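**Q** Quick one: this structure, given as structure tokens, is what I'll be asking you about.
Every number here is computed from the coordinates shown, using simple stated rules; none is lab data. Every value quoted in this text rests on a predicted model; they were computed, and no experiment measured them. No Cβ is skipped: glycine too gets one built from the backbone with ideal geometry, and neighbour counts run over all protein chains shown.
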Amino acid sequence: MTAALLDTLRQTVGAAHVLTEGDLSAWTQDWRRREPGRALAVVRPANTQEVAAVVRACAHTGTPIVPQGGNTGLSVGSTPDGSGQAVLLSLARLNRVRAIDQANLTMTAEAGCILQAVQQAAAQADLLFPLSLAAEGSCTIGGNLAANAGGTQVLRYGNARELCLGLEVVTAQGDIWDGLSGLRKDNTGYDLRHLMIGSEGTLGIITAATLKLFARPAAQLTAWAALPSMAAAVQLLGLAQRHLGAALTGFEVMGQFALSLVSRHMPQLRVPFVGQADAPWCVLLENSDSESEQHARERFERLMELALEAGCIQDAVVAESIAQARELWHVRESIPLAQAQEGLNIKHDISVAASRIPDFVAHTDALLTREVPGARLVTFGHLGDGNLHYNVQAPEGGDAAAFLRQQEARVNQLVYDAVAAHGGSFSAEHGVGRLKAHTLTHYKSPVALSMMRAIKAALDPQGILNPGCVLSK
Ligand code: FAD
């Protein structure tokens with residue numbers, strides 16, 4: 001049966017695009033190297049019809065399918081398990097921008113388009129596609145939508161979900177649903193688009209999307225401020241929202257230890273206020289103005305004065321050039337890499353209402369310091385969205401692998417219990433994947449879980465689409 005399936009797949013997409021031998025780790029190993037996977041074959045269709053034919057062939061034999069875009073996901077959802085039974089379906093060759101509609105402010109792009117290429121295509125049309133994240137040079141728009149990616153501009157433009165007006169999807173039966181309308185209003189029943197977005201490849205294969213575009217801001221300014229406390233950071237967020245309104249497009253918080261890792265591992269980068277003992281937190285703010293750079297600078301400088309008067313910042317720098325602004329963003333975006341270079345760590349991508357973040361951080365920092373001696377807390381994230389990457393680095397100089405083996409489950413429970421107690425979510429933007437499927441079972445309400453299982457059973461009765469991802473088997 002396997003040989004017959006592989007023959008059909010070769011006939012469908014061409015033998016060169018059905019890979020079964022050699023080093024397939026680029027597709028089968030997850031980005032964080034948490035779990036080595038094995039695939040029956042890596043299959044690389046070129047268009048929607050080929051995707052549909054591949055799914056039909058797999059449905060016929062009951063073969064599991066794991067869809068994959070750029071394989072930058074952080075929850076082990078885009079790689080197969082170790083059984084070697086699943087077909088890894090790479091969408092990378094579906095990489096055409098099909099159309100840009102200037103008057104409707106939309107772009108229709110295929111799922112395998114790299115996010116950066118989508119941004120560039122919008123810029124060439126003098127428009128903006130605002131989704132932005134550190135993996136944008138490798139992740140795909142299909143993966144962004146399947147994972148409902150967040151990133152640095154959510155505060156102003158929303159998650160990937162808010163940026164999508166329509167989808168083209170291959171169902172678990174291999175049918176093609178053309179939902180590529182560019183409509184901003186369409187109340188004709190259940191919203192299948194929103195069901196697919198964030199479903200992490202478990203309900204359908206996204207092959208194309210119609211995306212919202214925006215006018216490009218006339219000027220963008222970036223500032224970096226040093227703050228005495230997390231409460232001050234939340235106070236500054238409120239001030240910035242009131243003073244800048246929709247012009248506030250980024251608000252990132254970074255703890256001093258996270259910044260010290262960037263200084264240690266990337267000594268070529270200049271990190272403002274790093275090591276300043278009276279400023280345990282720094283914030284990066286971005287102001288995107290529709291009028292002019294001068295207008296943006298005046299409003300930004302006034303905001304900084306107000307923040308200084310209110311005592312919520314100690315010091316601040318406003319970037320003088322685009323190069324300086326890029327450098328500041330580069331520091332922020334280098335934290336995950338610096339953390340990886342420091343060694344193995346336990347990652348949490350949590351959200352809590354911004355107003356409750358100071359209490360969550362104080363409570364959970366104290367808890368971990370008491371319960372897990374030596375643990376080093378690497379806290380940073382999109383404070384404007386109430387989203388923290390609340391990560392735990394093994395004790396300095398210790399055996400990090402042993403630390404993770406012994407402590408990871410306990411640390412996760414301490415953190416996720418604290419998140420739940422603060423009314424938050426254990427996965428803000430990285431999704432559930434296979435890594436957190438059991439966590440979902442534990443923290444999601446039984447009613448919500450039962451509705452999710454009913455939807456999965458209705459759309460994918462054979463359970464072939466990304467089994468074990470989101471909903472545990
Ligand atoms: P993949 O990793 O290939 O897949 C992700 C999930 O979507 C998997 O479950 C997969 O099966 C499914 N999938 C992929 N393509 C399709 C498709 N066409 N149809 C159906 N299902 C599909 N995420 C954020 O939200 N915000 C951040 O700020 C952020 N920063 C990051 C920084 C770094 C350095 C890295 C490595 C990752 C970061 N991520 C972030 C996580 C990741 O980049 C995003 O989740 C991204 O959206 C995944 O896109 P991808 O194409 O790589 O998808």
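**Q** Considering each of D365, D349 in turn, give the residue that is of a type in the set (D, E), touching a Leu at 6+ places or on another chain (Cβ under 9 Å), surrounded by 19 or more Cβ atoms within 10 Å (Cβ to Cβ) and within 30 Å of L269 (Cα to Cα).
**A** D349
**Q** For region 96-141, which positions are among the charged types (D, E, K, R) and under 14 Å from the mean Cα position of the chain (by Cα)?
**A** E136
**Q** Name the residue that is farthest from the chain's Cα centre (by Cα), counting only residues in region 62-81 that are closer than 17 Å to K436 by Cα and more than 9 Å from the ligand (Cβ to nearest atom).
**A** My answer is D81.
**Q** Here is a further query. Out of region 393-438, which residues are over 20 Å from R356 (Cβ atoms) and of a type in the set (V, I, T)?
**A** V411, V432
**Q** Of the residues that make up region 130-150, is at least one β-branched (V, I, T) and out of contact with any Phe, Trp or Tyr (no Cβ under 7 Å at 6 or more places or on another chain)?
**A** The answer is yes, given that some residue of region 130-150 is β-branched (V, I, T) and out of contact with any Phe, Trp or Tyr (no Cβ under 7 Å at 6 or more places or on another chain).
**Q** Answer with yes or no whether D81 is outside any loop (DSSP other than H, G, I, E, B) and surrounded by fewer than 22 Cβ atoms within 10 Å (Cβ to Cβ).
**A** Considered against the rule, which asks whether it is outside any loop (DSSP other than H, G, I, E, B) and surrounded by fewer than 22 Cβ atoms within 10 Å (Cβ to Cβ), D81 comes out as no.
**Q** When you go through (1) over 30 Å from H389 (Cβ atoms); (2) surrounded by fewer than 23 Cβ atoms within 10 Å (Cβ to Cβ); (3) not acidic (D, E) one by one for S25, which number turns out not to apply?
**A** Status for S25: all satisfied but (1).
**Q** List pairs: first in region 294-321 and closer than 16 Å to P228 by Cβ, second exposed (fewer than 13 other Cβ atoms within 10 Å of the Cβ), Cβ under 8 Å, 6+ apart or cross-chain?
**A** Q314/D278
**Q** If a residue must be part of a helix (DSSP H, G or I), within 16 Å of the ligand (Cβ to nearest atom) and among the small types (G, A, S), how many such residues does region 285-341 contain?
**A** Residues in region 285-341 being part of a helix (DSSP H, G or I), within 16 Å of the ligand (Cβ to nearest atom) and among the small types (G, A, S): 2 in total.
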